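Structure first, then comments.
The values are calculated or read from the model by the stated rules, or taken from the named source; none is laboratory data. Treat the numbers as computed from the prediction; the structure is a model and nothing was measured. Cβ placement follows ideal geometry from the backbone for every residue including glycine, while neighbour counts extend to all protein chains displayed. Only protein heavy atoms, including side chains, enter the accessible area calculation; ligands, DNA and RNA are left aside. Shrake-Rupley method; radii C 1.70, N 1.55, O 1.52, S 1.80 Å.
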Amino acid sequence: MPAIAKRKPSPTSTPMEFMNLPSEKVAGGHSTPQKRKLRSDSSPMRASPVSTPMKWTSPRRSVNASPNSPSIDVESTLCERRLKLQKPVVKNLFMVKPNWNPRDPEQSRAVKEALHVSTAPSVVVCREDEQKRVLEFCKSCMEEEKAGSLYVCGCPGTGKSLSMEKVKKQLAEWARETGLEEPDVLAINCTSLTNTSDVFNKILGKDHQPQKKSRNSTSALQLLQNSYSKKPNSAGKKMMLIIADELDYLITKDRAVLHDLFMLTTLPFSRCVLIGIANAIDLADRFLPRLQSLNCKPMVITFRAYSKDQIIKILQERLMALPYTVFQPQALELCARKVAAASGDMRKALCVCRSAIEMLDAELRESFNHLNSSSEETLFEQQILPQADCVKKPEIDVVRIDHMALALSKTFKSPVVDTIQSLPQHQQIILCSAVKLFRGGKKDSTVGELNKSYTDFCKSALIPAVGIFELSSMCRVLNDQGLLKIGQSREEKFKRVTLKVDEADIVFALQVQSSI
């Protein structure tokens, strides 16, 4: 340490310092006092960037730091950081919306319209990847001027039809931008067809065939097959995009209609791009085996069920256009959790939200009738204490979690939920413990493991737990009610336990009960 204290400045650094310092400060002959004076007296604008030997800056403070980098104004940097941190706060203040007035007919109509199934949103969220794949498939067919087939499948209410409408618009815009001719678009809902073979008449009419076409469906199919098997007389014939929704309605005993429809895209001069939409994931494998043997199996894109976060995002996107807040965030989350656990059907989520608004309307009507029945008492309170009514009866101006719970109970009403909600507390805790125990992928367990999970649950909830023999007795009661299945064993703790009801029903029943 003494050696370090007596160490003199390096002679190699002195010429650099003298070259960069002003002449009147060099005249003193001593460099060390000048450095101290520059730190204390000189302003940041006049301080030399190399008056002191530079050290490497920590990469956490500066990514591009180096020995030759100039000094940084710490105060300005801190100010910039404070401004960056303040920007999101200012932005969030402007995003806060006032609560809506459910008594206003115009606001109520606008909310119900925004949540209606038939209302197409301006932006289709949470299906960007699927839309992109369908659009790229259509683009490649149009660029290469070749036919192709695509099968879109997924559970009901997963945005298949809505995404195809968006793809139609995007494809038309892309064709105009690239200078290609827009395709003829034929959208068919197969449920509206009187006969399954009428689909060929619709394609024939859209294909601008001459007047020799017949009403006979077989001749319509033959005309299309003949047309797509020979080279067209006129060059530059338009491509045709066929979107067949509810494709499973075309399934017949011999599967001829469905097979002939997809075979149209395999003919040598066909210019059809067929997109079939249905719910069955394995429709192409089960009903079109000949296409697979001919190497003509359509490309398959699956729309998976919506998750809880996706349902919340879609609901928020629909409500974003409204200038007021309608739902509590907890109410939307409860709806999304239950619908995602049950089916992932977005149409069901919209139906539940509209039902929750009806629950709010019913509460308002009940409150209004109650006020009318006690009008004299209310008038007296307003005269004596003008603010008493506001304190006792707060304004109902948002859909709360209890409204959503009632709507969910009405929509997903089942005897299992009623049975679980009527159970004693410890039997409900046993079911919760079983759900927690089986979430790791187990399908069954033992009474001993269930007792351990039950004991841990009671400790966390500060509830006195019962012994293993009482727990085994309650498990037999749950077995008689069809909620659990108890196996046979000589010892109680080795008996196998299995859930006989859906885990989502248990979670929903106890979640609704706690929210009410």
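For the reader, a short list of remarks on this structure follows.
- Within the accessible area of the range 415-512 (1.4 Å probe), percent carbon and sulfur: 52 percent
- For the range 415-512, the relative contact order is 36 percent, taking Cα pairs closer than 8 Å that sit 6 or more residues apart in sequence and dividing their mean separation by the residue count.
- Long-range amide H partners of Ile242 with built H, under 5 Å: Leu186, Val273, Leu274, Ile275
- Val399 long-range amide H proximity, modeled H, under 5 Å: Phe327, Gln328
- Residues Lys146 and Lys485, FRET efficiency given R0 of 60 Å [Cβ-Cβ distance, rounded to 0.05]: 0.60
- Length released on extending from Trp174 to Ala504, taking residue separation times 0.36 nm less the Cα-Cα span: 114.4 nm
- Label-point separation in nm, Asn226 to Glu358, each point 7 Å along Cα→Cβ: 5.5 nm
- At a probe radius of 1.4 angstrom, the accessible area of the range 433-501 per residue rounds to 61 square angstrom.
- Greater than 20 Å apart at Cα, pairs in Lys348/Lys442; Lys146/Lys238; Lys169/Lys308: Lys348/Lys442; Lys169/Lys308
- Each of Lys459 and Asp285 was given a label point 7 Å from its Cα along the Cα-to-Cβ line. The distance between the two points is 4.6 nm.
- Over 26 Å (Cα to Cα) - which of Lys436/Lys485; Lys132/Lys338; Lys338/Lys493; Lys338/Lys443; Lys313/Lys338 fall in this group: Lys132/Lys338; Lys338/Lys493
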